[in-house]
Amino acid sequence: MRGMALPVFRPTVKRKDMGSVLSCIVSDKLGPGEISRELTSRACHLLGHAGGVSLANGYLAVSVALESLGLSAPDSVILPALAPALWLRVLRDKGMVPLVADVDLESASIDPAQAAALVQKGAKAIIVPHTLGIVADIEALKSHGLPVLEDASQALGGRIGEAACGSAADICLLSMDPENIITCGGGALVLARSRTAAAALKRIQESSPLYSPLADMNAALGIAQIAALENFVAVRREVAAAYAQALLKSRHMSLVQKIDADNVLSSFPVALSDGMKDVRHYALKKNVDTAPAFADTIAALEESPAAHCGNARTLVLRCLLFPLYPMLGKRDVEAVCRVLSTLP
């Protein structure tokens with residue numbers, strides 16, 4: 001009988017980390033409090049930000065981030081076609097206008113030329129993720145003089161020269177869902193480079209009971225993972241290198257880091273030569289689960305403002321994720337390598 005398939009995502013939680021969570025339970029610190037503030041403080045220290053806030057979910061985090069930049073209806077905001085569909089919902093709920101840019105086909109990062117063209121349409125800000133850990137060219141986007149919201153959720157631990165991913169833009173978003181580098185069972189951090197912006201974040205959060213902070217129980221997991229980030233990054237890079245070597249034996253390719261940067265992949269993306277169905281079926285027969293890389297993005301929506309974005313639409317149909325996280329054992333890595341090297 002076939003065993004359980006290796007999952008694509010798995011929270012980075014070790015048994016020793018559960019001690020801090022149990023401490024929250026026995027001390028009745030399940031809701032937001034000092035531990036949540038400590039997680040925010042440690043993330044700010046890691047990335048060189050002046051301050052920030054934690055939020056209970058990603059929708060609230062994006063909302064607070066946009067408000068901290070002084071944006072409101074009917075301001076226009078640039079974002080890539082492979083950005084989370086959640087971002088589009090936040091913009092529309094706030095009466096803002098999304099200006100969707102296509103991506104580079106080889107890296108899945110926002111196309112700088114398209115972003116530059118959209119700046120001329122009166123955009124007030126740019127939101128850009130480091131998609132799957134592939135580092136986007138934040139400096140090129142900052143050159144337009146607009147506020148930039150950088151999402152480093154899938155790239156934490158990566159670097160551009162001496163600068164850490166998440167440190168360059170005006171506002172940094174760190175989501176902590178299972179598909180990201182830090183996994184706390186949900187929630188997000190919003191961090192600001194300047195003291196003025198950090199104070200604005202706190203004022204906005206305190207102004208509405210809707211903007212509830214992350215619970216201490218979740219934050220305790222985040223603190224443990226930030227402490228172990230250097231080790232986690234080393235493991236991810238070692239596994240990614242093994243996967244890349246195995247994939248060379250197939251007819252498929254991974255995404256490419258175009259700018260000079262040391263990236264950290266949140267999952268291992270494979271850009272398939274054709275459709276996903278046969279590959280997914282083959283991998284699952286070998287007990288390795290996979291997932292479409294961009295199923296929850298703007299470009300994947302049925303009535304999408306990214307219909308003109310051909311590269312993004314191609315990647316939605318042909319880019320598949322394989323398991324890559326610190327909790328993988330040696331046998332797990334070998335199993336995925338065998339699958340990658342023999343993909344149909």
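The values are calculated or read from the model by the stated rules, or taken from the named source; none is laboratory data. These figures come from a predicted structure and were not determined experimentally. FYI the Cβ positions are ideal-geometry reconstructions off the backbone, even for glycines, and counts take in every protein chain you see.
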### Summary
The condition of being at pLDDT 95 or above, under 30 Å from S76 (Cα atoms) and among the β-branched types (V, I, T) holds, among V148, V239, only for V148
## Note on the structure
Flagged in region 208-237 as surrounded by fewer than 16 Cβ atoms within 10 Å (Cβ to Cβ), more than 20 Å from the chain's Cα centre (by Cα) and not hydroxyl-bearing (S, T, Y), in numbering order, are P209, L210
### Task
Can you run down the residue pairs with Cβ atoms below 8 Å, 6 or more apart or on separate chains, where the first is in region 315-335 and in the same structural domain as A242 (by TED's automatic domain parsing) and crowded, with 21+ Cβ neighbours inside 10 Å and the partner is among the basic types (K, R) and in a loop (DSSP other than H, G, I, E, B)?
P323/R10; Y325/R10
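Quick one: is D137 outside the structural domain of I298 (by TED's automatic domain parsing) and either of a type in the set (S, T, Y) or closer than 21 Å to V64 by Cα (or both)? I'd like the intermediate steps shown before the answer.
Working: outside the structural domain of I298 (by TED's automatic domain parsing): yes; either of a type in the set (S, T, Y) or closer than 21 Å to V64 by Cα (or both): no.
When the stated conditions are applied, D137 does not pass them.
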### Task
Would you please list the contacts, defined by Cβ atoms under 8 Å and residues six or more apart or on different chains, that run from a residue in region 230-241 that is farther than 12 Å from I181 by Cβ to a residue that is part of a helix (DSSP H, G or I)?
V239/V333
### Message
Every residue in region 121-170 that is over 22 Å from T12 (Cα atoms), touching a His at 6+ places or on another chain (Cβ under 9 Å) and outside any loop (DSSP other than H, G, I, E, B), please.
### Response
A123, I126, I138, E150
### Task
Assess whether V264 counts as being of a type in the set (A, V, I, L, M), crowded, with 21+ Cβ neighbours inside 10 Å and in contact with a strand residue (DSSP E or B) (Cβ under 8 Å, 6 or more places away or on another chain).
no
### Task
Residues being in contact with a His (Cβ under 8 Å, 6 or more places away or on another chain) and either at positive phi or at pLDDT 95 or above (or both): count how many of those fall in region 266-278.
3
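The rows are residues; the columns are (1) over 18 Å from A152 (Cα atoms); (2) touching a Lys or Arg at 6+ places or on another chain (Cβ under 9 Å).
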site: E67; (1), (2): yes, yes
site: S72; (1), (2): yes, yes
site: S76; (1), (2): yes, yes
site: L82; (1), (2): no, no
site: L99; (1), (2): yes, yes
site: L118; (1), (2): yes, no
site: A125; (1), (2): no, no
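Out of A168, A197, I need the residue that is buried (at least 19 other Cβ atoms within 10 Å of the Cβ), assigned by TED's automatic domain parsing to the domain that holds A108 and more than 24 Å from S266 (Cβ to Cβ). Which one?
A197 is the lone residue from the list that is buried (at least 19 other Cβ atoms within 10 Å of the Cβ), assigned by TED's automatic domain parsing to the domain that holds A108 and more than 24 Å from S266 (Cβ to Cβ).
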